[in-house]
Structure formats: C-alpha cells, structure tokens
Amino acid sequence: MKEIYLDNAATTRVHPEVAEKMMDALVNNYGNPSSLHRLGIRGEQAIKEVRELIAKNLNCQTPEIYFNSGGTEGNNMIIQGVVENKKRNRMRIITSAIEHPSVLDVFTFYENHQVEVIVLGVDTQGHIRLDELEAAMNEDTILVSIMGVNNELGTIQDLKAIGKIVKAVNPKCVFHADFVQGFMKIPVDVQASLLDALTLSGHKIFGPKGVGAVYIKKGTDIKPLLRGGGQENNMRSGTENVPGIVGFGEAIRLRKESFSDEFEAIRNLRTVFINEIESKVDDIKINGDPNGSPYVLNISFNRVRGEVLLHSLEAKGIFVSTGSACSSHKKEKQYVLKAIGLAEEYKEGTIRISFSKDITKDDVKIAVEAIAQAVNSLRLLVKPRKNR
Ligand SMILES: Cc1ncc(COP(=O)(O)O)c(C=O)c1O
C-alpha cells in the first residue's frame, strides 16, 4: 500500500542527503567541539558554518544564534530566561491563546508565580487583534511572545506590525516569536520585525529531531536555562549535538534552493485539495486564514469524530492528525479551535492536513477520495440530530 504522509506539521521524514551528512559527522566528525585539538576544531568549524547559514537567513549576526534541542527548549529558554532574569516587583508578559503548549504552559506556570500574564484572544481566522495588543502593553511588560505561523491553522501573524507596536510602547520589552512552523517556508527578517528572539526547530524541515536554535539579539538579557561547561557562549551548556546541527544545516541548505517555488506549488496543492473536498463532501468548514501558510490545511466535518476519521484513513495508508501532535496528550485538546470560536458540532470532527514537497496532485486526489468515502460512511452511522 502506498503511504501518503500528510502530517508534516507534526514532523517530517529526514531527507536522505541530511541523513548522509549526519552519518558522516557521527563517524568522522566525532571530536568534542570544545576540545583544543584538531578533531575538536573540526567539530567547531562544522557548527560555525551552520550558525552562519541560519544568521544569513534571519538577517542577524552569527553570534546571535544559539543551538539547542529544538522548539520546546527554545521557547522555554527565551520565556523563562527573560522572566528569571528580571525578578522585579511588577512584571507583565503577553502571549496569544493559540500558541504552542511549549509557550502557553510556561505562561501558565508564571501566572501562579506573581507575574501578570495576559493571553490575547484571536479573531475567527486566528489573528491577534493589534489594538488589543497595544492596549495590553505597558511599562511593566517585559516580554511579548507571539508565534509566526500557527501549527494547527497555518495562520500567519503580522510580526512586523506586532514588533512596531511592542517597541513603540516599550522599547525595553523583549519581542519573541516561535517560528518553528515558518522557518524556511515563509521568509522572516528579525531586524525588520524588531524581534529580539526567535525559536527554530530542525525536524519540521526534513532535518533531525532533537535539534534547533534560537536567535537572541545582542544585548538582550536572558538567564541561561542550563548551566555547566559554558558552551554556546554560556547561553546553553552541554556538548553540542554536532551530527544534529550538521543535519539541521543540510536541511536548511536543501530548502534554500527551492523555498519560493515550493511555496507556490504547495499553495496550488492546497487549493486543489479544498476544491475537491468541497465538491465531494457537504457540511464542512475550512478553518484559518485562506492566505495563511499553505503547508497547513485545517478542516472540520460535521457529524464525524476526527479521531475515528484519522484511524480510518490510517487503515488506507493516509496519515493526518487531529490538531497538533504536540498537544494530543493534553487535557484541553482543542484550545485553538475554541479560541477561533468554531461551533461545537464542527470541533470534534477536525483534522489537520499538512503538506510537503513530496506530495503530488495524484496523492491529493487519492487522499480526498479516501476522506470523502470515510466521512460519508461514518455519517451514515450517526443518528440525525433531533430538532430541539
Ligand atoms: C509552533 C511550534 N512550536 C514549538 C514546537 C516544538 O518543537 P520541538 O518538537 O522541536 O520541541 C512545535 C512542534 O510541533 C510547533 O509546532
């Protein structure tokens, strides 16, 4: 059975060239980058090249990039690092209701620790309202953390406009964006967006899991989460994951070549998907912003349970998700759909399709046909609602 993998926002398959470079690093570039001999220096050099590559992509300085274990660590590193560094009597931190749990959970933690936490609501497409952000900003605000691309909806936030508001009200406030779902898919310029910190992860772009990086603007006061050997300029102790970083670098290099052409191709695929599904299944809702990231498509089917649909597609070799893989263990699974005000009868029947360069138009047609068949037969099992 041919497998059609439509869960690329959860993770991606490592590109064979990435795996090859990692294998080489594992067996040949095995020195500790902190060692003074040439094997150490070789490791250090490999890391430096990737650091430079990322810096160029984000439009920042090379020493402003710090490697770590991925998006979850990156978000924790920035949020905890800013709050723990300040320790003032009055501190306010601001985020949005649809952030990844690795942001929201840290905010919730601080809510119980004498920090004033503001969680901004979003509109029906998942955008924060800029006037609400402006009203929430004050002199005590030490951090604003708003994601670039939402992992469940694909909605893109206007980071430039957000940065402008943050800095106009309080130039000292740290502006951070979780850019895990945007990196190497949509462009970002940290200087133009007035960003002080940005979170990246390797495994969403055909790189390995367990490696990522953060951008931290020079002069930004952040207390390190991990102390020890002082690696990464004292910001993140621990021997660097050289093979992981090399793999992350190769994944970036490979994407760099196809970045903007791919965006258009994926947008076309998404449009085909929507047209086909709308012609075959009634009573559905496409969630999020039609002009958001084309890599994510969030669809709700009335009178169907998303999880049942997921498993019935899995039996046909088609892999999708219900919401975010990262939050599927959480109690409040559907907080993003709740935040955009999706009607209750649609919420349960929501799946996320996430595309990659490996998906063809034929794959889309097969997947849509399978979804249509599954939804239509699952609906036959559901009793019609009585008018109340
Ligand atoms: C928006 C967003 N932020 C953070 C993360 C966490 O990244 P990682 O899996 O590298 O810890 C994810 C992963 O799904 C994500 O989608």
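Values as computed for the structure displayed
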quantity: Sulfur and carbon atoms: percent of accessible area, the stretch 270-320 [1.4 Å]; calculated: 47
quantity: Per residue, in Å², the accessible surface of the chain once ligands and nucleic acids are set aside, probe 1.4 Å; calculated: 46
quantity: P(r) of the stretch 127-230 over all Cα-Cα pairs, binned every 10 Å from zero, in whole percent; calculated: 14, 44, 32, 10, 0
quantity: Principal axes of the stretch 10-95: Cα extent on each, largest first, Å; calculated: 51, 36, 23
quantity: Among the listed pairs Lys48/Lys172; Lys48/Lys209; Lys204/Lys280; Lys160/Lys285; Lys172/Lys223; Lys48/Lys164, those beyond 22 Å (Cα-Cα); calculated: Lys48/Lys172; Lys204/Lys280; Lys160/Lys285; Lys48/Lys164
quantity: Computed over the chain: relative contact order in percent, which uses C-alpha pairs under 8 Å that are six or more apart; calculated: 23
quantity: Per-residue SASA entry for His311, accessible area with 1.4 Å probe, Å² rounded to 10; calculated: 100
quantity: Degrees between helix 16-28 axis and first principal axis of the chain (Cα, 0 to 90, nearest 10); calculated: 30
quantity: Cα gyration tensor, the chain - rounded (a/c under 1.5), prolate or oblate; calculated: oblate
quantity: Length released on extending from Lys223 to Asp123, taking residue separation times 0.36 nm less the Cα-Cα span; calculated: 32.6 nm
quantity: Value of [θ]222 nm, deg cm²/dmol, for the chain, DSSP H segments ≥ 4, -39500 (n - 2.57) each, nearest 500; calculated: -12500 deg cm²/dmol
quantity: Segment Ala192-Lys172, extension gain: residue separation times 0.36 nm, minus the distance between their alpha carbons; calculated: 5.5 nm
quantity: The stretch 16-256 - percent of accessible surface contributed by carbon and sulfur, probe 1.4 Å; calculated: 50
quantity: Assigned charges on the beta-carbon of Lys, Arg, Asp, Glu; the stretch 100-184 dipole about Cα centre (debye); calculated: 360
quantity: On Cα atoms only, tilt of 101-111 relative to the major axis of the chain in degrees; calculated: 70
quantity: Glu369 paired with Leu130, simple spin-label distance in nm, labels 7 Å along Cα-to-beta-carbon; calculated: 4.6
quantity: Degrees, to the nearest 10: 38-58 long Cα axis against longest axis of the chain; calculated: 60
quantity: In sequence order, calculated HN-Hα J values of the stretch 268-280 (Karplus, 6.51, -1.76, 1.60; Hz; x Gly/Pro); calculated: 5, 4, 5, 5, 4, 4, 5, 4, 5, 5, 5, 7, 10
quantity: Square roots of five times the Cα gyration tensor eigenvalues for the stretch 209-282, Å; calculated: 41, 16, 13
quantity: Net length gained if the chain between Thr360 and Tyr30 were fully extended (0.36 nm per residue, minus Cα distance); calculated: 114.9 nm
quantity: Debye, to nearest 20: dipole size of the chain, +1 on Lys, Arg Cβ, -1 on Asp, Glu Cβ; calculated: 500
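The values are calculated or read from the model by the stated rules, or taken from the named source; none is laboratory data. Model, not experiment: these values are computed from the prediction. Quick reminder, even Gly has a Cβ in these numbers, built from the backbone with ideal geometry, and neighbours come from all protein chains shown. Ligands, DNA and RNA are excluded from the accessible area calculation, which covers all protein heavy atoms including side chains. Shrake-Rupley method; radii C 1.70, N 1.55, O 1.52, S 1.80 Å.
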